[in-house]
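> One structure follows; several queries about it will come next.
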Amino acid sequence: MVLRRVKILFVSVILILAMLCTKLLYIGIYKHGEYSSEVFNQQQRETRLEKVRGQITDKNGITFTDRSQKTVYIGNGGKISAKGTVGANVPKRYEPNGIAAHAVGYITDDSNGVSGAEKIYNSFLKSSGYYRATYLADGSGTPLANQRPEVVLKKEDSPKSVRLTIDYHIQKITEKIADKKVEQGAIVVLDAKSFDVLAMVSRPGFDRNSVEAYLSSEKGELLNRALCGYNAGSVFKIITSAAILDKYPDYTSKKFHCSGMTKLGDKSFACHEALGHSDIDFFDGFSHSCNCVFYESGIEIGASDIFAVAKKIGLGEKILFWNEESEGNITHKSEYSLFETVNMSIGQGDVLITPLQCAVVAATVANGGVRKSVNIAGAITDENGKELQHLKQSQSIRVMKESTAKTIGSMMRQCVISGTAKKALATSIAGKTGSAETGWLTSDGKTAVHGWFCGYFPFDNPQYAMAVFCENGQSGAGSCVEPFIEIYEEIDKIYPFKQ
């Protein structure tokens, strides 16, 4: 009896074990995928990393933003931290000390534009989309170690990108030379035919990844000096010359005598050349930047006519209509005093221009006296570069006669051949130097004098116009001509000039 019960028990155990094994095989083989998925889903977590923002590119689609990736770390409960064991890669908005900092601008921590194109086109660039990471975590929500989360872009809407007119390569060249030659100042390069901004550089520069470090700085790194108004000095003589030559085409041969000082009424006005230029005509007076020639010429033509040309060329008004852009200053009056007239004729007194405006002056001469709309943004595009909205303006206004522009171009070329810019003799540049007295003293008690040089090249077939400005550079010939030449030479290497 006992033996029979033992056999029944044994068989029952065998049957139960067989049923358990069958169930395990069923789960392990036939239900493996289903149960594994359920376990995986219990461990899988998703966290939001940061907002998606459209890119800012150069004219050819080379991006100034999101050029590389950065690693962010996921902590307990999906919190983002600066360090940890589980990292996820997301686009890095700015390269350390990346180029075009002032033109592109920068954003806040919550992805809103603060300056430059980031601010002007913020409504296009921002989106409600986020980069999100999917990762594995334990029951407490702590990410499991030794994994690389999958980062995906989840879009509530698609951000748009902005294509600038800036040329990445010309911008890079200009910044490299500015770093060597311009401590405080700006350089602007324009396409001489379209007036598109090809490069815009301000120095000192700043790192957009550490903006807070510059907020209390006295050096003004965040200031875009290319859009700030400064005393014009002798580059303004291009405007005075246009007013005179439009009315008196043969004025270039008019004779003057410069003794180093011109006495007008009971006041005396000095030339920059203390001993004077002796007998000189207007053509050479321009190339040697003789103040005495322009004192008399300014009085002859009158400040109202000079103002009219300045206004047509865009001085005293914003060109890009950016928030941080200055209008500069050119004062309009029904009557000007003698003192105001002679000061305006040489770009002194209350005449203020921006480096961008100065480049426009040179481009207008290069373009036969016709000023065009200046553009720094070409289009709004989708994420694939397809144009969605055209941004460029295309207006033109004749500022001076074509014959006048040709004559001024010849005088600018003479500045390089035998005048104040003869450092550039071996080049095909036409340009005008300027030294602008500011009236304020530096920390060492000396009067600050700004340096300018604007021009275009090649002379026989203008393709580029440029202005170089050095804050307290003392003279345009001493501080601005060399960086102009170096940029000219570097551009010719990558985009050989068409003769």
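> Could you tell me whether residue 92 is open to solvent by less than 60 Å² (accessible area, probe 1.4 Å), within 27 Å of residue 215 (Cα to Cα) and not hydroxyl-bearing (Ser, Thr, Tyr)?
In short, yes.
> Before we move on, is residue 126 open to solvent by 60 Å² or more (accessible area, probe 1.4 Å) and out of contact with any Lys or Arg (no Cβ under 7 Å at 6 or more places or on another chain)?
Answer is no for this residue.
> Let me ask you something else. Step by step: first the residues of segment 396-406, then only those that are touching a Pro at 6+ places or on another chain (Cβ under 9 Å) and open to solvent by 40 Å² or more (accessible area, probe 1.4 Å), then the one that is nearest to residue 305 (Cα to Cα). Which residue is that?
Of the residues in segment 396-406, the ones touching a Pro at 6+ places or on another chain (Cβ under 9 Å) are 401, 403-404.
From what is left, the residues that are open to solvent by 40 Å² or more (accessible area, probe 1.4 Å) are 401, 403.
On the way: 401: 14, 403: 18 Å.
Ranking the qualifying residues of segment 396-406, first place goes to 401.
> Could you tell me whether residue 375 is at pLDDT 95 or above, touching a Pro at 6+ places or on another chain (Cβ under 8 Å), surrounded by 19 or more Cβ atoms within 10 Å (Cβ to Cβ) and within 30 Å of residue 61 (Cβ to Cβ)? First the steps, then the outcome.
Working: at pLDDT 95 or above: yes; touching a Pro at 6+ places or on another chain (Cβ under 8 Å): no; surrounded by 19 or more Cβ atoms within 10 Å (Cβ to Cβ): yes; within 30 Å of residue 61 (Cβ to Cβ): yes.
So residue 375 does not fit the description; no.
> Among the hydroxyl-bearing types (Ser, Thr, Tyr) and modelled with pLDDT under 95, is that true of residue 240?
Working: among the hydroxyl-bearing types (Ser, Thr, Tyr): yes; modelled with pLDDT under 95: no.
Criteria not met by residue 240.
> Name every residue in segment 464-499 that is of a type outside the set (Val, Ile, Thr), open to solvent by less than 30 Å² (accessible area, probe 1.4 Å) and not in a helix (DSSP H, G or I), in order of residue number.
464, 465, 466, 467, 469, 470, 473, 480, 497 - these are the residues of segment 464-499 that are of a type outside the set (Val, Ile, Thr), open to solvent by less than 30 Å² (accessible area, probe 1.4 Å) and not in a helix (DSSP H, G or I).
> Here is a further query. Do we find that residue 216 is farther than 22 Å from residue 402 by Cβ and surrounded by fewer than 19 Cβ atoms within 10 Å (Cβ to Cβ) in this structure? I'd like the intermediate steps shown before the answer.
On the way: farther than 22 Å from residue 402 by Cβ: yes; surrounded by fewer than 19 Cβ atoms within 10 Å (Cβ to Cβ): yes.
Yes; evaluated as a whole, the condition is true for this residue.
> Across segment 462-499, which residue is farthest from residue 447 (Cα to Cα) among those that are among the acidic types (Asp, Glu) and in contact with a helix residue (DSSP H, G or I) (Cβ under 9 Å, 6 or more places away or on another chain)? Break it down stepwise before answering.
As a first pass, look at segment 462-499 and keep what is among the acidic types (Asp, Glu): 471, 482, 486, 489-490, 492.
If we keep only those that are in contact with a helix residue (DSSP H, G or I) (Cβ under 9 Å, 6 or more places away or on another chain) too, we end up with 471, 482, 486, 490.
Details: 471: 12, 482: 23, 486: 28, 490: 34 Å.
Only one residue fits best here, namely 490.
> Which pairs turn up if I take residues in segment 285-306 that are under 12 Å from residue 256 (Cβ atoms) and look for partners that are small (Gly, Ala, Ser) and assigned to a loop (DSSP other than H, G, I, E, B) with beta carbon separation below 7 Å, at least 6 apart in sequence or on another chain?
Every condition considered, the pairs that remain are 288/419.
> Only one of (1) open to solvent by 10 Å² or more (accessible area, probe 1.4 Å); (2) in contact (Cβ under 8 Å) with a residue 40 or more places away in the chain; (3) charged (D, E, K, R) is not met by residue 67, so which one is it?
Checking residue 67 against (1) open to solvent by 10 Å² or more (accessible area, probe 1.4 Å); (2) in contact (Cβ under 8 Å) with a residue 40 or more places away in the chain; (3) charged (D, E, K, R), the one that fails is (2).
> Related question: Filter segment 380-395 for residues that are farther than 11 Å from residue 162 by Cβ, open to solvent by 80 Å² or more (accessible area, probe 1.4 Å) and of a type outside the set (D, E, K, R) and give the result.
The answer is 384, 390, 393, 394, 395.
The values are calculated or read from the model by the stated rules, or taken from the named source; none is laboratory data. Note that the structure is a prediction, hence the values are computed from the model and not measured. A quick note on method: Cβ atoms are made from the backbone with ideal geometry, for glycine too, and the neighbour counts reach across all protein chains shown. Please note that ligands, DNA and RNA were not included when accessible areas were found on the heavy atoms of the full protein model with its side chains. Shrake-Rupley method; radii C 1.70, N 1.55, O 1.52, S 1.80 Å.
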